[in-house]
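The values are calculated or read from the model by the stated rules, or taken from the named source; none is laboratory data. Quantities reported herein were computed from a predicted structural model and do not represent experimental measurements. Positions of Cβ are generated from backbone atoms using ideal geometry, with glycine treated the same way; all protein chains shown enter the neighbour counts. Note: areas computed on protein heavy atoms with side chains; ligands, DNA, RNA excluded. Shrake-Rupley method; radii C 1.70, N 1.55, O 1.52, S 1.80 Å.
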Number of protein chains: 2
Amino acid sequence: MSEKAFQDHYPENVSHCYGCGRLNPEGLQIKTFWDGEESVTRYRPRDCHTAIPGYVYGGLLASLIDCHGTGTAAAAGYRAEGREMGSEPSLRFVTASLHVDYLKPTPIDGELELRGRVKAIEGRRVTVETTVYAGGVATARGQVVAVPMPKSFL
Amino acid sequence: MSEKAFQDHYPENVSHCYGCGRLNPEGLQIKTFWDGEESVTRYRPRDCHTAIPGYVYGGLLASLIDCHGTGTAAAAGYRAEGREMGSEPSLRFVTASLHVDYLKPTPIDGELELRGRVKAIEGRRVTVETTVYAGGVATARGQVVAVPMPKSFL
């Protein structure tokens, strides 16, 4: 894995996202890295992130899958262009659509691992499929279709 | 609209959800009501719920759509049985799948309105379609497939 997370390369003015912005002190501040062809995020839910007691809230899983997906899309975009992440011009993706299948309840008492793969790059659209593991067991699977952020935001 | 929200009828032991539990002090504590055939939730995002500055984080919208959907499914389940919400046996739904299409950026500086409709009741599965409005403009549309919570949790 590389030293800096994908999100640590985001331009400062678009680093306030609740899910993945390093400049949002109240947010989740997820960190994503390559592990070969897969992207990996590890996150430990807070006690408040409960659904029914003992299990993780599905909205948190959707949020993690969302930002893991846009981060993976950005990293894949740089890789496809043969550029170092963070080099100019900046690439930053937003979510066009998000789909999550909840396979089984996700225990809250441990670190979650998200593993993603780029399923397709079609023009500007990048599709990332991500599985959430709790204790090595797949508990949710999601898909993000990401598109580049309008240049006016960068 | 009725006086008590759907979520105010949930049994106490399953009222800790981050999105809709009235007993989760750090959570979103959404409140959903019938408005004729539609279910309505109003929610004002917190300042921290940002995506890019000025706009709402997509993970929050997914979370709102999720709990709005499971709440609507529960209310629809009681209605289909001709029972008052909160009467025994308890009905409480969890999410099997969640899909969100982000139509346009959602401004963060105002109250959001979610309006949902039951699209299908197939056996135990209830499908709810929800649109998010910001200042009267539809900015996201989502679908939740909800299934009853296992009785062991109730």
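For the stretch A:106-138, what are the residues that are outside any loop (DSSP other than H, G, I, E, B), of a type in the set (A, V, I, L, M) and open to solvent by 10 Å² or more (accessible area, probe 1.4 Å)? Full working, then the answer.
In the first step, residues of the stretch A:106-138 are kept if they are outside any loop (DSSP other than H, G, I, E, B); the result is A:107, A:112-122, A:125-134, A:137-138.
Checking the rest, the ones that are also of a type in the set (A, V, I, L, M) come to A:112, A:114, A:118, A:120-121, A:126, A:128, A:132, A:134, A:137-138.
The answer is A:Val118, A:Ala120, A:Ile121, A:Ala134, A:Val137, A:Ala138.
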message: B:Arg141 - would you say it is more than 14 Å from every other protein chain (Cβ to nearest Cβ) and either without any contact (Cβ under 8 Å) to a residue 40 or more places away in the chain or surrounded by fewer than 18 Cβ atoms within 10 Å (Cβ to Cβ) (or both)?
response: no
message: Out of the residues in the stretch A:72-87 meeting the condition of being open to solvent by 30 Å² or more (accessible area, probe 1.4 Å) and free of Cβ contacts under 8 Å to residues at least 24 places away in the same chain, tell me which one is nearest to A:Glu3 (Cα to Cα).
response: A:Glu84
message: What pairs come out if I take residues in the stretch B:18-32 that are in contact (Cβ under 8 Å) with a residue 40 or more places away in the chain and pair them with residues that are assigned to a strand (DSSP E or B) and among the hydroxyl-bearing types (Ser, Thr, Tyr) whose C-beta lies under 7 Å away, six or more apart or interchain?
response: B:Tyr18/A:Thr50; B:Ile30/B:Thr41; B:Ile30/B:Tyr43; B:Thr32/B:Ser39; B:Thr32/B:Thr41
- request: All but one of (1) over 21 Å from B:Asp66 (Cα atoms); (2) open to solvent by less than 10 Å² (accessible area, probe 1.4 Å) hold for A:Gly59, so report the exception by its number.
  value: (1)
message: Please go through (1) part of a helix (DSSP H, G or I); (2) among the charged types (D, E, K, R); (3) facing another protein chain (nearest Cβ under 9 Å) for A:Arg79 and return the number of the only condition it doesn't satisfy.
response: (3)
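Within the group A:Cys17, A:Cys48, which residue is part of a loop (DSSP other than H, G, I, E, B), within 20 Å of A:Tyr102 (Cα to Cα) and within 10 Å of another protein chain (Cβ to nearest Cβ)?
Values: A:Cys17 fails: within 20 Å of A:Tyr102 (Cα to Cα).
Of A:Cys17, A:Cys48, the one residue that is part of a loop (DSSP other than H, G, I, E, B), within 20 Å of A:Tyr102 (Cα to Cα) and within 10 Å of another protein chain (Cβ to nearest Cβ) is A:Cys48.
Please go through the stretch B:88-104 and pick out each residue that is assigned to a loop (DSSP other than H, G, I, E, B) and buried (at least 19 other Cβ atoms within 10 Å of the Cβ). Steps first, answer last, please.
Applying the first criterion (assigned to a loop (DSSP other than H, G, I, E, B)) to the stretch B:88-104 yields B:88-92, B:103-104.
Result: B:Ser90, B:Leu91, B:Arg92.
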